[in-house]
Amino acid sequence: MGQLPMSTPANCYELPKPRPGHRFVPAKVGATNDTSVIVLIECPTWCSSEEHLSEPVRELSDVMHRGPVASVNVPTFGYGAYPVQLHAWVEADPVASDIEYRQAHIEVQDAGGNEFCHLTPDMAEKLADEAIGFASELRHQARIARLANQTVGDSDPDMDEALRQVRQGGAV
Ligand SMILES: [Zn+2]
């Protein structure tokens, strides 16, 4: 009776343990889809690691770690959909010679993808405080504009009549 070998085909080398805050994930590397290979890379836990498979890189040194994107899309009743946008995410370039790029930092990009800003955590916190101040000013401006338009509305003859009826408790 044949007996299955007790030993399983072993890896030649035992995988090293990932550093704290990291795990091994598959990444696709190669010049073309047909010639690419899947390799295991050490990836920080904040990284959206699916992208290492869905967005292949040509060289292993092209691998970038990126977190989920936060966005502000500014609407307009004028021409164009969302002409002003800001996108931000956490990023690290594991082989950058500059330690600020190698460490986890924040990238901020505009709508066209033409301008990139690189922020340390301290810089991002300062920007966040300014954005909170901006949001407060924006609410204030909305209130000014709404009140201004209501004032303009009162001067409209039809609106005057509607308001008069409302104030008298009548149906409009
Ligand atoms: Zn990653």
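The values are calculated or read from the model by the stated rules, or taken from the named source; none is laboratory data. Worth saying up front: this structure is predicted, and the values here are computed from it rather than measured. Cβ sites come from the backbone with ideal geometry, for glycine too, and all protein chains shown count toward neighbours.
When the stretch 44-61 is examined, which residues are found to be more than 7 Å from the ligand (Cβ to nearest atom) and either in contact (Cβ under 8 Å) with a residue 60 or more places away in the chain or not in a loop (DSSP other than H, G, I, E, B) (or both)?
Within the stretch 44-61, Glu51, Leu53, Ser54, Val57, Leu60, Ser61 meet the criteria.
Just to check your reading of the model, which residue among Asp98, Asp110 is modelled with pLDDT of 95 or more and of a type in the set (D, E, K, R)?
Matching residue, one of Asp98, Asp110: Asp98.
Please work out which one of (1) within 16 Å of the ligand (Cβ to nearest atom); (2) closer than 30 Å to Leu15 by Cβ is the condition Glu107 fails and give its number.
The number of the failed condition is (2).
List the pairs whose first member sits in the stretch 13-26 and is part of a strand (DSSP E or B), whose second member is of a type in the set (Ser, Thr, Tyr) and modelled with pLDDT of 95 or more, and whose Cβ atoms are under 9 Å apart, counting only residues at least 6 apart or on separate chains?
Qualifying pairs under 9 Å: His22/Thr45; Arg23/Thr45.
Which of the residues that make up the stretch 62-95 are out of contact with any Pro (no Cβ under 7 Å at 6 or more places or on another chain) and within 14 Å of the ligand (Cβ to nearest atom)?
Asp62, Met64, Arg66, Gly67, Pro68, Val90, Glu91, Asp93, Pro94, Val95
Residue by residue through the stretch 73-106, note down the ones that are assigned to a strand (DSSP E or B), without any contact (Cβ under 8 Å) to a residue 24 or more places away in the chain and surrounded by 12 or more Cβ atoms within 10 Å (Cβ to Cβ).
Hits for the stretch 73-106 are Asn73, His87, Trp89, His105, Ile106.
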